[in-house]
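**Q** Here it is, the structure, as structure tokens.
The values are calculated or read from the model by the stated rules, or taken from the named source; none is laboratory data. Keep in mind that this is a model prediction, so the values were computed, not measured. For neighbour counting, all protein chains shown are included, and Cβ atoms are generated from backbone atoms with ideal geometry for every residue, glycine included. Please note that ligands, DNA and RNA were not included when accessible areas were found on the heavy atoms of the full protein model with its side chains. Shrake-Rupley method; radii C 1.70, N 1.55, O 1.52, S 1.80 Å.
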Amino acid sequence: MRALDVQKHTNRWKPFLGPLTLLAVGVMSLLHFGNLGHGSLHPWDECLYAIRGRYAFRGMWLDQMPYCYGPPGNELILGNGFYSGAFPPLLIWAIGLTMKFFGETSLAARIPAALAGTGCIWVAYLWGRHAWDRATGFLSAFTLASWFFFITYARRAQFDIPLVFFLFLTLYAGLRYYKDRRTGWLILGGFALGCGLMTKILICGFASVALLLFGLCLWLRGERPLMRVALDQVILNGIGIGLALPWHLYMILKYQGPEGNEFLKYFWGYHIAARSHTRLEITGPIYSWNYYFKYAFFENFKALWIFLMLCAVGWALWRWVPWMIQGVRRHWNRRKDEHPAPAEAPARTSQWSDEHAIALPLLWFLFVAFLTQMTATKRAVYIFPFLPALALLSARFLVVLARHGFPRWRQWFFVTGVTFLAVWWRSRSPRKTALALWNDSSLDWTDRLKGSLDVLDNEIALAFGLVAGLMLIVYLAPFLKRLPPILCLVVFIALGCESGLRHNFSTRAMREYDWSLVETIVKKGNFDSVVFLGQAKEPDLHFYLDGINVGWREGIKFQQIMRPLKGERTPLKPDPDRLVIEQRYQPDEPGLEDCLREDQAQRLLEHYELKAENKDFRIYRSR
């Protein structure tokens, strides 16, 4: 009778679970909008695309090449902008539209990427909800929304998150097509693929390959004809390429010259071919074979998340490989039988199972991760195309662990790992000391391991004591056997809330410079020459000075003075039509090493008086 009352009380809440889940996902999908406009734009990538968005808004919708920034270190900036201008313009159009409504500000430039981040979180929920259940959908959205790396780039005016959104949407539409057998989903996937191809160079094509691999798995299991798999690819890629082709053809035809095609040299030659087999732009340990695990993940994810990802991928392989082998063997044994019984005829449809749902994100992760590892140029943002797959698998792993559990040794292995890493997470000083020892290349690996263990002896003892206590509780009270995995789930929810809330509402930015004073003065005009005392030439100067520094505004002369000054500089001559902008030297700020110190600036500005200032800039006019 008591159990019936509990069940009745539980059923009373079921009608509210759906709306409450949607409300929670909606809140999570909007958190990264907090303080979105804070801080100046990233000096490179954000400003590269904000410049293009500004000139798209000013009427150059198809091609912003004359106002795009060239390759790093190239002084011939004007008219050599294929480095950034070769990227398709869908995000650029979105930035131009938001600038129309919100002005040419950092907030306007970041809104499209933030909206794409919102879309990613909702697709994660819908995928988990329809592939498995509501709990998996919620945890998928929660996991993705709480990762620091995802939050950081969802708040930047860059291609990465918009690309991930369209790639994710393409794969979700493909999943629904194979699950529900409705062609409309395949058409939606084609449109999403086309939008992805119009966002960043060819990367969204990874979704098409992942869906092809999934279709081939179904064919090998006898669940889908090979010709149908091929036709699905024709429809999907036909729609996607049809959407993206016109702009690409326009650029190819426009920039065809006697020495070859300038657009294709960067679109294909630099961004695809050269990056694939040549180490570009960045040098050093970034090119080590274990870069993505040692640097990209460990610098951007807490150890608990990495442990969960590894366990989730291992669990998914453990589920998928036997299911695949069994299905292939059964299918090909039927084909060998000359007279199969009607009940044993090859099936062209099958009931959707948990293994079907695991297969697509697993194949997606394995294919893209392998391709990324094989690429010569390695950058942390290259993990984005497979990051949602890890969120989906991690969420499903936690749900299965909490509901059904695993064989005893596997469950306690995971519980022990989570306990130790949770203690590690909360121990700040010993953790830093142990990491410093482990990264000390002057020591042998055995010495590094021994030193790290000596530093963490108290944490290790505490972790094993907690695990032993949990084992004793489960032994004495067998009805509490689900307590350890549920506590692990609580740990990850607490970790996600702590990291997600802290980074979503962070007021830290890549650069904290307040350019608003400079923008206001530059827009007012009333000068025919500008002298800039400040940082080295970077794209943010182009954006905030509105191109004055590279001649994009006719009739205005520009001069830049940086440290070190060669010889004794004479004071600037008085000129009532000259505007002088001093970027204040701040030794602790990156990028300001080339700024003049105050005593140096004062000698140059003997004939000028201060008109306006803030914490980062001073504006001078002639006395």
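**Q** Considering every residue within the range 139-157, establish whether at least one is at pLDDT 95 or above, within 29 Å of His248 (Cβ to Cβ) and in contact with a helix residue (DSSP H, G or I) (Cβ under 9 Å, 6 or more places away or on another chain).
**A** no
**Q** Okay, moving on. May I ask you to list the residues in the range 562-600 that are farther than 19 Å from Tyr513 by Cα and among the hydrophobic types (A, V, I, L, M, F, W, C)?
**A** Those that are farther than 19 Å from Tyr513 by Cα and among the hydrophobic types (A, V, I, L, M, F, W, C): Leu565, Leu572, Leu579.
**Q** Determine the pairs where a residue that is touching a residue at least 40 places away in the same chain (Cβ under 8 Å) and among the hydrophobic types (A, V, I, L, M, F, W, C), located within the range 487-498, has a partner that is surrounded by 16 or more Cβ atoms within 10 Å (Cβ to Cβ) and not in a helix (DSSP H, G or I) with Cβ atoms under 8 Å apart, the partner being 6 or more residues away or on another chain.
**A** Leu495/Lys302
**Q** Go through Lys100, Lys8 for me and flag whichever is over 24 Å from the mean Cα position of the chain (by Cα), open to solvent by 80 Å² or more (accessible area, probe 1.4 Å) and modelled with pLDDT of 80 or more.
**A** Being over 24 Å from the mean Cα position of the chain (by Cα), open to solvent by 80 Å² or more (accessible area, probe 1.4 Å) and modelled with pLDDT of 80 or more holds for just one of Lys100, Lys8, which is Lys100.
**Q** Moving on to the next point. Might you let me know whether the range 343-350 holds any residue that is at pLDDT below 80, in a helix (DSSP H, G or I) and open to solvent by 10 Å² or more (accessible area, probe 1.4 Å)?
**A** yes
**Q** Another question, then. Can you tell me which residue among Gln583, Gln535 is modelled with pLDDT under 80 and among the polar types (S, T, N, Q)?
**A** Step by step, each of Gln583, Gln535 is checked, and only Gln535 is modelled with pLDDT under 80 and among the polar types (S, T, N, Q).
**Q** If you don't mind, there's one more thing I want to ask. Condition check: surrounded by fewer than 16 Cβ atoms within 10 Å (Cβ to Cβ) and modelled with pLDDT of 80 or more. Does Ala109 satisfy that?
**A** It is false that Ala109 is surrounded by fewer than 16 Cβ atoms within 10 Å (Cβ to Cβ) and modelled with pLDDT of 80 or more.
**Q** Hey, another quick one. Go through (1) over 19 Å from the mean Cα position of the chain (by Cα); (2) within 18 Å of Leu363 (Cα to Cα); (3) among the β-branched types (Val, Ile, Thr) and name the single condition Ile239 misses.
**A** Result: Ile239 passes all but (2).
**Q** Another one. In the range 202-243, what residues are within 20 Å of Ala389 (Cβ to Cβ) and not in a helix (DSSP H, G or I)?
**A** Leu202, Ile203, Cys204 - these are the residues of the range 202-243 that are within 20 Å of Ala389 (Cβ to Cβ) and not in a helix (DSSP H, G or I).
**Q** Oh, and also: Looking at this structure, is Ala376 over 17 Å from the mean Cα position of the chain (by Cα), surrounded by fewer than 18 Cβ atoms within 10 Å (Cβ to Cβ) and at negative phi?
**A** For Ala376, the condition - over 17 Å from the mean Cα position of the chain (by Cα), surrounded by fewer than 18 Cβ atoms within 10 Å (Cβ to Cβ) and at negative phi - is met.
**Q** Taking into account only those residues within the range 577-605 that are within 36 Å of the chain's Cα centre (by Cα) and of a type in the set (D, E, K, R), which is surrounded by the fewest Cβ atoms within 10 Å (Cβ to Cβ)?
**A** Asp588
**Q** Could you please give the count of residues in the range 132-156 that are open to solvent by 10 Å² or more (accessible area, probe 1.4 Å) and not in a helix (DSSP H, G or I)?
**A** 4
**Q** Scan the range 293-342 for residues that are modelled with pLDDT of 75 or more, within 20 Å of Ser146 (Cα to Cα) and either of a type outside the set (Lys, Arg) or exposed (fewer than 12 other Cβ atoms within 10 Å of the Cβ) (or both) and jot them down.
**A** Phe301, Ala303, Leu304, Trp305, Ile306, Phe307, Leu308, Met309, Leu310, Cys311, Ala312, Val313, listed by residue number.
**Q** While we're on this one: How many residues does the range 606-623 contain that are free of Cβ contacts under 8 Å to residues at least 40 places away in the same chain, open to solvent by 10 Å² or more (accessible area, probe 1.4 Å) and over 18 Å from Lys523 (Cα atoms)?
**A** 4
**Q** List every residue pair whose Cβ atoms sit under 6 Å apart, with the two residues 6 or more apart in sequence or on different chains, where the first one lies in the range 89-105 and is in contact (Cβ under 8 Å) with a residue 40 or more places away in the chain and the second, anywhere, is open to solvent by less than 10 Å² (accessible area, probe 1.4 Å) and hydroxyl-bearing (Ser, Thr, Tyr).
**A** Pairs found: Leu90/Thr199; Leu91/Thr199.
**Q** Of all residues in the range 535-551 being closer than 23 Å to Asp514 by Cα and assigned to a loop (DSSP other than H, G, I, E, B), which is most open to solvent (accessible area, probe 1.4 Å)?
**A** Among those residues, the one meeting the criterion is Lys537.
**Q** Let me ask something else about it. So Thr199 fits all but one of (1) touching a residue at least 60 places away in the same chain (Cβ under 8 Å); (2) in a helix (DSSP H, G or I); (3) crowded, with 24+ Cβ neighbours inside 10 Å; what number is the exception?
**A** Among (1) touching a residue at least 60 places away in the same chain (Cβ under 8 Å); (2) in a helix (DSSP H, G or I); (3) crowded, with 24+ Cβ neighbours inside 10 Å, Thr199 violates only (2).
**Q** Could you please give the count of residues in the range 32-54 that are under 15 Å from Gly117 (Cβ atoms), in contact with a His (Cβ under 9 Å, 6 or more places away or on another chain) and of a type in the set (A, V, I, L, M, F, W, C)?
**A** So the answer is 0.
**Q** Does at least one position in the range 554-576 carry a residue that is among the polar types (S, T, N, Q), open to solvent by less than 60 Å² (accessible area, probe 1.4 Å) and more than 27 Å from Leu107 (Cβ to Cβ)?
**A** Yes: the range 554-576 contains one or more residues that are among the polar types (S, T, N, Q), open to solvent by less than 60 Å² (accessible area, probe 1.4 Å) and more than 27 Å from Leu107 (Cβ to Cβ).
**Q** What's the total number of residues in the range 493-505 that are modelled with pLDDT of 75 or more and surrounded by 14 or more Cβ atoms within 10 Å (Cβ to Cβ)?
**A** 5
**Q** Now a separate question. Which of the following residues is open to solvent by 70 Å² or more (accessible area, probe 1.4 Å) and modelled with pLDDT of 85 or more: Val490, Val522?
**A** Going through Val490, Val522 in turn, just one is open to solvent by 70 Å² or more (accessible area, probe 1.4 Å) and modelled with pLDDT of 85 or more: Val490.
**Q** Report yes if Tyr270 is open to solvent by less than 50 Å² (accessible area, probe 1.4 Å), under 30 Å from Tyr83 (Cα atoms) and hydroxyl-bearing (Ser, Thr, Tyr), otherwise no.
**A** So Tyr270 passes the test.
**Q** Look at Phe57 and say whether it is surrounded by fewer than 23 Cβ atoms within 10 Å (Cβ to Cβ), in contact with a Lys or Arg (Cβ under 6 Å, 6 or more places away or on another chain) and hydrophobic (A, V, I, L, M, F, W, C).
**A** yes
**Q** If the requirement is being open to solvent by 10 Å² or more (accessible area, probe 1.4 Å), among the basic types (Lys, Arg) and touching an Asp or Glu at 6+ places or on another chain (Cβ under 9 Å), which of these qualifies: Arg224, Arg181?
**A** Exactly one residue qualifies, and that residue is Arg224.
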